[in-house]
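See structure below.
The values are calculated or read from the model by the stated rules, or taken from the named source; none is laboratory data. Predicted model only: the values in this text are computed from it and were never measured. A quick note on method: Cβ atoms are made from the backbone with ideal geometry, for glycine too, and the neighbour counts reach across all protein chains shown. Calculation scope for accessible area: heavy atoms of the full protein, side chains included, ligands and nucleic acids excluded. Shrake-Rupley method; radii C 1.70, N 1.55, O 1.52, S 1.80 Å.
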Amino acid sequence: MTNIILLGPPGAGKGTQARILVERRGMVQLSTGDMLRAAQSSGTEMGLKVAAVMAAGQLVTDDIVIGLIEEQLAKGGSGFIFDGFPRTLPQADALGALLEGRGDRLDAVIEMKVDPDALVARITGRFTCGNCGEVYHDQTKPTARPGVCDVCGSTDLRRRADDNEESLRKRLFEYYQKTSPLIGYYYAKGALRPVDGMAEPEVVAAEIAKILGPA
Ligand code: AP5
């Protein structure tokens, strides 16, 4: 089954597209951001260590995130969407080795191309359902009933601690400095598939579906 990376800056729509792929293709989303947030709320030593780093918009160390992905891959399965991982060249090398070690491969790296100026509005308006993870936006995708998730009916709607302009600026800086070199890395491997992340979510989903072929 297909394994892909969703590559793009904060707010590019990686989480939004990953949810669509899970629903329509039965793929498995592996989001290091979600894993790190889960570790934070469970209060583990690692969770406490990374909380401040994430709130400041900086990258967590490679060994921690590679360890999280290794743990997930060791559980088995296939059809993975790597969402927010890899974010550095050492992480990309580690992912290649992990996949090779299990006789698996990377089929495509979807580069979500966006205008950085649009990201502040996307990020500062975002909220998600704490129960099912559905992603919303104050202006472009509000819930049908205020304060209630359209998908599961939960009233546990949350905003992230790092979804403010100051953290976003740092996250963007980290992306362009440490993650964007992966565009060249995967281009050289012939795996890079750019899509227009500025289009409507359903148009982006259709572009990705075309790249991946029949489900
Ligand atoms: P992470 O959770 O991965 O966050 P991120 O990469 O900053 O990405 P986001 O989740 O903010 O955005 P997204 O692209 O998923 O956009 P979304 O679909 O929600 O990482 C958080 C932190 O964890 C990092 O800063 C770092 O500290 C740490 N971390 C995680 N992984 C790491 C790693 N590998 N190494 C080191 N540290 C790591 O969409 C955003 C908004 O826009 C939503 O409101 C949505 O409704 C809207 N929207 C989506 N698509 C569209 C569209 N096409 N048109 C209009 N609006 C849209």
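Miscellaneous remarks
- Segment 1-15 residues that are closer than 11 Å to residue 114 by Cα, paired with ones that are β-branched (Val, Ile, Thr) and part of a loop (DSSP other than H, G, I, E, B) (beta carbon under 7 Å, 6 or more apart): 8/114; 9/114; 12/114
- Each residue in segment 147-190 was checked for being open to solvent by 80 Å² or more (accessible area, probe 1.4 Å), of a type in the set (Ser, Thr, Tyr) and part of a loop (DSSP other than H, G, I, E, B), and 1 of them qualify.
- Yes/no for residue 18 being among the small types (Gly, Ala, Ser), touching an Asp or Glu at 6+ places or on another chain (Cβ under 7 Å) and either assigned to a strand (DSSP E or B) or under 26 Å from residue 209 (Cα atoms) (or both): yes
- The single condition among (1) at pLDDT 95 or above; (2) farther than 26 Å from residue 176 by Cβ; (3) within 12 Å of the ligand (Cβ to nearest atom) that residue 38 does not meet is (1).
- Of all positions in segment 6-27, at least one carries a residue that is modelled with pLDDT of 95 or more, closer than 15 Å to residue 186 by Cβ and touching a Lys or Arg at 6+ places or on another chain (Cβ under 7 Å).
- Residue ID - farthest from the chain's Cα centre (by Cα), chosen from residues in segment 157-191 that are within 23 Å of residue 37 (Cβ to Cβ) and among the aliphatic types (A, V, I, L, M): 157
- Scanning segment 10-20 for residues that are buried (at least 23 other Cβ atoms within 10 Å of the Cβ) and more than 6 Å from the ligand (Cβ to nearest atom) returns 17, 18.
- Residue that is surrounded by the fewest Cβ atoms within 10 Å (Cβ to Cβ), among those in segment 125-146 that are near the ligand (Cβ under 9 Å from one of its atoms) and among the hydroxyl-bearing types (Ser, Thr, Tyr): 140
- Residues in segment 182-215 that are within 14 Å of the ligand (Cβ to nearest atom) and in contact with a helix residue (DSSP H, G or I) (Cβ under 8 Å, 6 or more places away or on another chain): 182, 195, 196, 197, 198, 199, 201, 204, 205, 208.
- Test: residue 210 is part of a helix (DSSP H, G or I) and in contact (Cβ under 8 Å) with a residue 60 or more places away in the chain: no
- Filter result for residue 71 (acidic (Asp, Glu) and over 17 Å from the mean Cα position of the chain (by Cα)): yes
- Answer residue from segment 41-86, given it is acidic (Asp, Glu), modelled with pLDDT of 90 or more and under 24 Å from residue 167 (Cβ atoms) and is surrounded by the fewest Cβ atoms within 10 Å (Cβ to Cβ) among those: 63
- When residues of segment 107-124 are limited to those that are assigned to a strand (DSSP E or B) and more than 9 Å from the ligand (Cβ to nearest atom), the one surrounded by the most Cβ atoms within 10 Å (Cβ to Cβ): 110
- Residues satisfying the stated conditions in segment 41-74, i.e. more than 12 Å from the ligand (Cβ to nearest atom) and among the polar types (S, T, N, Q): 41, 42, 44, 72
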